[in-house]
Each structure stands twice: as structure tokens, then as C-alpha cells.
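For reference, the structure is listed below as C-alpha cells.
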2 protein chains.
Amino acid sequence: MSHDQSFLADCRARLAFDLLANTWNSVVLWALKDGPCRPGALRGRIGGISPKVLTETLRRLECGGLVDRRAYGGSPPRVEYGLTALGRTLLAPIDAFGAWAFEHGDEVMAARERYAGEGGDPPPP
Amino acid sequence: MSHDQSFLADCRARLAFDLLANTWNSVVLWALKDGPCRPGALRGRIGGISPKVLTETLRRLECGGLVDRRAYGGSPPRVEYGLTALGRTLLAPIDAFGAWAFEHGDEVMAARERYAGEGGDPPPP
DNA sequence: CAGAATCCTTTACGATACTG
DNA sequence: CAGTATCGTAAAGGATTCTG
């Protein structure tokens, strides 16, 4: 890789981190990787996300050009969300984390238990 | 990649996302990539982080086994934080995002401006 | 200088109810 | 069913002060 120390000052770097710095952005992007999807089905794929927060998250991603929204009029309304080309470019980096979690997730959980056991009584969130 | 749809249900996956789902974890990890560092210097490398939040973040990462803390007694106290072996394994995935930001960050910012201009007046955070 | 303690503000998130 | 509106809570982040 090729970033120098000013990396953290670069606003694009901050933008990338900020994109992930919330509970749902990456999860929703990930849930869309298998193709466009209606909001209801999305909630099923994800689990534990309220309709309101899902809508907010999708708007945020749409605003950033990562997700696009297609509305087919009618009643009941039918809407589908899918990744844009730009959004798809984020899948590989996200997947790198997924792979990391499968390899090292246990170590993190073990470290936390060790920390809790060693008298690090107030284990920070 | 090799994750099936149950990926999102796997608690290790959630753990990985949660590690990034806050403003500072990834930034601090990244700032430590060039070697161990004292808190004061870390704040300089990062910029915009308060001492309190830096300490909290370091504790959190230490608890997860990603960072270790070495205290050399004395007065004034001298402390250094550095990545553990486990922490270093996270650098590659984080860097994937950094690289992504350099390639596509402009597109996201452009999309946001477009969105704001098109009457998407309330541009969500 | 490290960092704990305190106080305060903001906001992310959740639950619920309502509209088209 | 999609989406908005409203309310409430919990937590994150910031500023400040104080200590060893």
C-alpha cells in the first residue's frame, strides 16, 4: 500500500471510515450483495433492524451514490433497492473484514474474556 | 469470497462490523500502523480526538486484544501503545478501505452534491 | 504527561402509530 | 407495503478540571 502519514488528514480517508462508522451502513450494503431487494425482504435478510432505521440507512447510502432506489408505482407500492456500480466496488473491502472476522473473531472474543477475568472489571464497550 | 447468506447472522461477522461501527476505532488502529506511540503523539497523528475519547478507544481496543499498552514508570509517566500481532492482522482490511477511498471518495462526494442539488434537500447524515 | 472524573450536548437507534 | 412522524432512551463524543 501507499499511504503516507497524511492519510488521516485526507478527507477522503475520513469519508471512508465514516461510511463504516455506524451500525447499519455496512450491514445493509452487505445484505444487498446478492441482488436488488425490497425493503421488507431486506429486513428479513438483516434481522434486528427497525423499518425506520432501514429507511434512514438506505437514504444515506442513496445520497452517497452507493445504492439506488427504483419505485414501481401502484398500490400496494413496490420498491426495490440495489447496489450501484459504485456501491459494488465497496463489496470487496467489506468482504475483507468479513474474512478477517472468520479468521480472527474468536481471538477477539477470547481476549475480551481474558480481559474481564484479569480484573479489567469494567470492560469497555 | 466464500460467505453464504447466513453471514449476517454469524456473531463473528457482527463483531467485525461492530469493531468499525464507531468513529475512532479504525482511525486509531490506523494511526498505530507505523509503530508504537505515546498518547500525546497519537493525538497529534490523528487530530480532532479528545484525550478522553482517545483513552476510551485505546481501552476498548486493548480489551479486544488488538492493542497493547506498555507503561514505563516514572514521573512524568511514560506510556506507549502499539498494535498486537492480532491488531496487525486488521491493517490489511482497513487498508482496503483506505485504498477504496482514494479511488472512489470523489465519486461519493460528487453524488452527495448531486443529491443535495436535485431537491433531495434534507441530505441525511 | 497520562488519565480519571464530571458535566453537557448531540444523535443514533428503537417502539409505536399513522398516512397513501 | 413503503414511508413518515413523534416520542423516548441510551450512548457517543466533546470540553473541562483535577490527580499522581
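The values are calculated or read from the model by the stated rules, or taken from the named source; none is laboratory data. Quantities reported herein were computed from a predicted structural model and do not represent experimental measurements. Reconstructed Cβ throughout: ideal geometry from the backbone, glycine too, with neighbour counts over all protein chains shown.
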Subset of the stretch B:42-70 (residues that are within 13 Å of DNA strand D (Cβ to nearest atom) and not aliphatic (A, V, I, L, M)): B:R43, B:G47, B:G48, B:S50, B:P51, B:K52, B:T55, B:E56, B:T57, B:R59, B:R60, B:C63
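Would you please name the residue that is surrounded by the most Cβ atoms within 10 Å (Cβ to Cβ), looking only at residues in the stretch B:7-41 that are of a type in the set (G, A, S) and more than 7 Å from chain A (Cβ to nearest Cβ)? First the steps, then the outcome.
So the first thing to find is which residues in the stretch B:7-41 are of a type in the set (G, A, S), and the list is B:9, B:13, B:16, B:21, B:26, B:31, B:35, B:40-41.
Then keep just the ones that are more than 7 Å from chain A (Cβ to nearest Cβ); that gives B:35, B:40-41.
Working: B:G35: 8, B:G40: 10, B:A41: 13.
Result: B:A41.
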Given the options A:G74, A:G47, name the one that is surrounded by fewer than 18 Cβ atoms within 10 Å (Cβ to Cβ), more than 16 Å from the chain's Cα centre (by Cα) and modelled with pLDDT under 90. A:G74
